[in-house]
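Here's the structure, in structure tokens; my notes come after.
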Amino acid sequence: MHCAACVNTIEGALAAVPGVEEASVNLGTAQAHVRGRGLDPERLVAAVRESGYGASPLDAATPGEQEAAARRQTREMLRRTVIAAALTVPVVVFSMADVMFRGRNLLLLVLTLPVYLWAGSPFLKGALQTLRHRTANMDTLIATGTTAALLLSIAATFFPRVAAAAPGAAASSGSRGMSPVYYEAVGVILTLILFGRYLETRARGRTSAAIRKLLELAPRRARLVSHDGAGEIEVPLADVRVGARLRVKPGDSVPVDGVVRSGRSAVDESMVTGESIPVAKEPGNRVLAGTLNGDGVFEMEATAVGGQTALSQIVRLVQQAQASKPPIQRLADRVAGVFVPVVLGIGIVTWVAWYVLGPEPRALLATVALASVLIIACPCALGLATPTAILAGTGRGARHGILFRNADALEGARKITLVLFDKTGTLTEGRPRLTDRVQLAGVAEERLLGTAAALELASAHPLARAIVDAARERGIAPPKVEAFASRTGLGVVGRIGGAPSVVGNARLLEEEGIDASAVREELVRFAAEGKTPLLVAADGRLLGVLAVADREKPSAAPAIARLRAQGLEVAMLTGDREDTARAVAGRLGIDEVFAGVLAADKESHVAALQNRGERVAMVGDGVNDAPALARADVGIAIGAGSDIAVEASDVTLVGESLDNVPAAIALSRATLATIRQNLWFAFLYNALGIPIAAGALYPLTGWTLSPMIASAAMAASSVSVVANSLRLARRRLP
Amino acid sequence: MSPDRIAAIAAGVFLLVALSVFFFGKKRAAPTEAVAAGDSAEVTVVVEGGYSPDVIRAHVGRPLRLVFDRRDASPCTDEVVFPDFGVRRALAAHAKTVVEIRPERPGEFTFSCGMNMLHGRIQVSP
């Protein structure tokens, strides 16, 4: 498809298909949108092919449609539950009240049959279909259990004498007044299980709600600024291209990732980064799709659209994590794989044991025990234990800007003993700023900063930018420099207005023969505070000292305090000198410091800590820390901004704030604890429930379990597992 | 022991053997070759209490489009999971859902329902 003519041809071909009311083809996205009644995608595809082009259905169901389908399914389940309950209530009343009249059993059968055949049809159909594949699932158990109870009751209804004469059935009329019928059991079992499934489906929908909410963040339309820059047109999001200029008005959601070109505003990024304070945006700043504009208006240039936006990457990463399984799930998987056939086997053994060893009426009690075993067994609790917890846990994280790569990362984060931070750009802002200024008597600020900025303007040193920025912020225009020279490891020299000027460390001034003794005390103090002093001199005379430092993030100290409260050791890694590093560590409350570490050696420091027996979480920026992040037991990349899919990391924190480090660890601990609770519950439930239903307690206490109680327990068990997982979605993070 | 009890034991043993053969016996299943469609290979998998076909052959490097045609509404088939490919996808009832995977090394990879009760395999050859 190359041109508008092709578009017309295809639109014509689609419009000719019966039922199509509107067909529009988008050349840019190569997608066709068709609206109409009773449409068959395959027919539409065939129509396009016949017109000489290729086509295939988009992911047959979009998330929206899938959700609608799921809602319909839930409603249908509720309808079945209500009707089944309405039919079952009279059956239960007649049975419990022991009301006797001619044809009672026949009436009960008439009321129960629709419950069994219609309300229970999903189970019956499901069971038959799985048998065709020679596998078995929940449906097999429910269908077999209820069918056994129903057949027993039908036999007793139509052949009461045969039933009474059958071996073991003789005493039954004594206990039940008439022949032994279990219609109420069939109705109650199906009603309760349907209701349980209804609750379960609804709750499961909530566990994956986080992803849906993320997908809904991006608006459907964007305001495209017209070429003259004055007007704007609203276009569907799919038509926005990289490079497009878009306007974002107060209260709008940012449509795609981009860079602010004009205007100013504060943008609420909490939905993507978890940071609660709106972030100020001015020309040159990056904005992310799905974030919410405050009161300002700005224009932005799109830099990433569609699947390339940070939001889409987050969604993909979370979906991927949700598909993975932690090692802890493997046992549960093995059990689930053989669970149903084994339970069917236990059912057979139960029936035979009751028939051979049990008291009269043997055939009846054996069949009831069989039904109870099949009904109480719940592989769903086992199967739901892990995935629902992971869905809820990773979803909770995503809403907070915490992205787990996979389930192993969740499990790894739980076990760590030490958190190792990279200093620059992780604990600090990664951008040195001017922090202190010492002027000698008679020297104006303008002179001091102007001289320093003039010389540093030509320097490539990272500290230089801090000085130049500071001068610019104060409106100081740097004078012109001649004969500029950089003295590696010392500083820079040049001539300003004919006067020889220098900016650099104490050694540079010493070499130049300039007396710096007037600021000796300040130099000692700056070193102790972890600041880098720059001495400024002109005409052989010291003008003053400027101190530059990379400021710690405001979130650093509280985050470290929280990690220590979680019982973790905290260490720091930096290329800085020992005294500078110690000063920063002291302020932040870090006791172990590795100073003077070259970027290439970070990984070996992680390895050394691991050899000491620590399980290390390394927190870094994900770019130059990649090898160390990969080596660590858990690599946490921070401040990824729009570069979400940091390959080396196990956990990605979208925002710059360090609050999410303790939050990520707390969340992984909570998720793993939930999985563990769920698995224990599911195993214990089945390990106790099945023997009790089989009558294991009968020889000791005379207890047996009615199939109705069994069905209530079954319905409650899977709902409790999902409900337990849902607690994660509501959990407060530290 | 009365004859009916002996008969019950015999029937029980027979059923247990039948059960294990039925569920755990060797299942003969010829792999279904995915049909080439452009650069990728495609196969439609009907989801109805299980997957048919449940053994699919694919080739390294050629993207495999699996069109899951779900014809039942049982919660058991709600999701399909490819653990080796990091894919967990919800399958809408009575609808088709496309899952695309890219086999990058030869071997046998399983896929299953969300609870690992229904299974299928993808045999990837070089």
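What does the structure give for B:108-121 when I average, per residue, the other chain Cβ atoms found within 10 Å of the residue Cβ? Walk me through the numbers on the way to the answer.
On the way: counts 0, 0, 0, 0, 4, 4, 6, 16, 15, 16, 7, 3, 1, 0.
Other-chain Cβ atoms within 10 Å of each residue's Cβ, averaged: 5.
Given the -39500 (n - 2.57) contribution per DSSP H run of 4+ residues, what per-residue ellipticity at 222 nm results for the protein assembly as shown, rounded to the nearest 500 deg cm²/dmol?
Theoretical 222 nm ellipticity from helices: -15000 deg cm²/dmol.
With a cut-off of 20 Å, note down the residues of segment A:532-571 whose backbone N falls inside the zone around a label point 7 Å from the Cα of A:Arg612 toward its beta carbon.
Residues A:560-571 qualify, since their backbone N sits under 20 Å from the label point.
So, R0 is 35 Å and r is the distance between the beta-carbons of A:Phe159 and A:Leu688; what FRET efficiency does that work out to, to 0.05?
0.40
Using a simple spin-label model with points 7 Å from Cα along the Cα→Cβ vector, what separation in nm is obtained for A:Ala561 and A:Asp539?
Reported label-point gap for A:Ala561 and A:Asp539 is 5.1 nm.
For segment A:220-299, how big is the tail of P(r) above 20 Å, as a whole percent of Cα pairs? Show your work: numbers first, answer last.
Numbers: 764 of 3160 pairs.
Here the tail beyond 20 Å accounts for 24 percent of pairs.
What shape does segment A:384-515 take by its C-alpha gyration tensor, where a ≥ b ≥ c are the square roots of the eigenvalues and a/c under 1.5 counts as rounded, a/b above b/c as prolate, and the rest as oblate?
Prolate shape, in that a/c is at least 1.5 and a/b is the bigger ratio.
Calculate the radius of gyration of the Cα atoms of segment A:220-354 to one decimal place, then report Dmax, the largest Cα-Cα distance, as a whole number, both in Å.
Both quantities, over Cα of segment A:220-354: 25.2, 88 Å.
Counting each pair of different Cα atoms once, what's the Kirkwood radius of chain A in Å, rounded to one decimal?
Over chain A, the inverse of the mean reciprocal pair distance is 31.6 Å.
Within 10 Å of each Cβ in peptide A:339-348, how many partner chain Cβ atoms are there on average? Round it to a whole number, please.
Partner-chain Cβ atoms within 10 Å, mean over residues of A:339-348: 4.
Packing-wise, with mean Cβ within 10 Å as the measure, how do B:73-80, A:607-614 rank, highest first? Working shown, then result.
Numbers: B:73-80: 22.9, A:607-614: 13.9.
In descending order of packing, they fall as B:73-80, A:607-614.
Order these by the 10 Å Cβ neighbour count, fewest first: A:Val419, A:Val593, B:Val35.
The fewest-first ordering by Cβ neighbours comes to B:Val35, A:Val593, A:Val419.
Can you tell me how much longer the chain between A:Lys480 and A:Asp436 gets when fully stretched, taken as 0.36 nm per residue apart minus their C-alpha distance, in nm with one decimal?
On the way: separation 44, 0.36 × 44 = 15.84 nm, distance 2.46 nm.
Working it through step by step, the gained length comes to 13.4 nm.
Of the trypsin sites (Lys or Arg not before Pro) in segment A:212-251, which ones lie in a loop per DSSP and count no more than 10 other C-beta atoms within 10 Å? Don't skip to the answer; put the middle values down first.
Details: sites: A:Arg212, A:Lys213, A:Arg220, A:Arg221, A:Arg223, A:Arg241, A:Arg245, A:Arg247; in loops: A:Arg220, A:Arg241.
Listed in order of number, the matching sites amount to none.
Take peptide B:82-95, look around each residue's Cβ out to 10 angstrom, count Cβ atoms belonging to other protein chains, and average those counts. Mind dumping the intermediate values first?
Details: counts 1, 6, 2, 2, 10, 5, 11, 4, 9, 4, 12, 7, 3, 6.
Average per residue, whole number: 6.
Can you pull out the chymotrypsin sites (Phe, Trp or Tyr not before Pro) in segment A:632-734 whose DSSP state is coil and whose Cβ has at most 14 other Cβ atoms within 10 Å?
Numbers: sites: A:Trp680, A:Phe681, A:Phe683, A:Tyr685, A:Trp703; in loops: A:Trp703.
In loop regions of segment A:632-734 (DSSP not H, G, I, E or B), the sparsely surrounded chymotrypsin sites (Phe, Trp or Tyr not before Pro) are A:Trp703.
Across all directions of projection, what mean area in square nanometres is found for the Cα convex hull of segment B:1-102?
For segment B:1-102, averaging the hull's shadow over all directions gives 9.2 nm².
Restricting attention to segment A:68-167, which trypsin sites (Lys or Arg not before Pro) occupy a DSSP loop and are surrounded by at most 11 other Cβ atoms within 10 Å?
A:Arg102
State the antiparallel share, in %, of DSSP beta bridges confined to chain A, rounding to the nearest 5.
On the way: 64 of 83 bridges.
In chain A, DSSP labels about 75 percent of beta bridges as antiparallel.
Helix by helix through chain A, keep the DSSP H runs that span 24 Å or more along the axis on Cα and average at least 1.0 on Kyte-Doolittle, and give those back in order.
Helix filter hits for chain A: A:138-158, A:329-357, A:707-729.
Eight or more residues apart or on different chains, and alpha-carbon atoms under 19 Å: count the Lys pairs in the protein assembly as shown matching that.
For the protein assembly as shown, qualifying lysine pairs total 7.
Given a Förster distance of 41 Å, report the FRET efficiency between A:Arg472 and A:Ser276 from their Cβ-Cβ distance, rounded to the nearest 0.05. Let's see the in-between values first.
Numbers: r = 31 Å, r/R0 = 0.75.
So the FRET efficiency works out to roughly 0.85.
Based on the mean of other beta carbon atoms within 10 Å per residue, what is the order of A:507-517, A:367-377, A:291-301, most packed first?
So the order, starting with the most tightly packed, is A:367-377, A:291-301, A:507-517.
If packing is taken as the average number of other Cβ atoms within 10 Å across a peptide's residues, how do A:39-45, A:84-90 rank, most packed first?
A:84-90, A:39-45
Can you give the angle from 0 to 90° between the axis of helix B:3-24 and the longest principal axis of chain B, with both taken from C-alpha atoms, to the nearest 10?
10 degrees
If each residue's Cβ is checked for other Cβ atoms within 10 Å, how do A:Thr135, A:Thr303 rank with the fewest at the top?
In order of increasing Cβ crowding within 10 Å: A:Thr303, A:Thr135.
Applying 1/(1 + (r/R0)^6) with R0 = 60 Å to the Cβ-Cβ distance of B:Ile9 and A:Glu42, what FRET efficiency is obtained, to the nearest 0.05?
Rounded to the nearest 0.05, the efficiency is 0.65.
For segment A:352-393, just the Cα atoms, rotate onto the principal axes and tell me the three extents in Å, largest first.
52, 12, 10
Rg (Å, one decimal) plus Dmax (Å, integer) for the alpha carbons of segment A:354-449?
When restricted to Cα atoms, segment A:354-449 yields Rg and Dmax of 33.6, 113 Å.
Every number in this text was worked out from the coordinates using simple rules, so none of it is lab data. On a predicted model such as this, the values are computed, not experimentally measured, just so you know. Neighbour counts run over all protein chains shown; Cβ positions are idealised from the backbone, glycine included.
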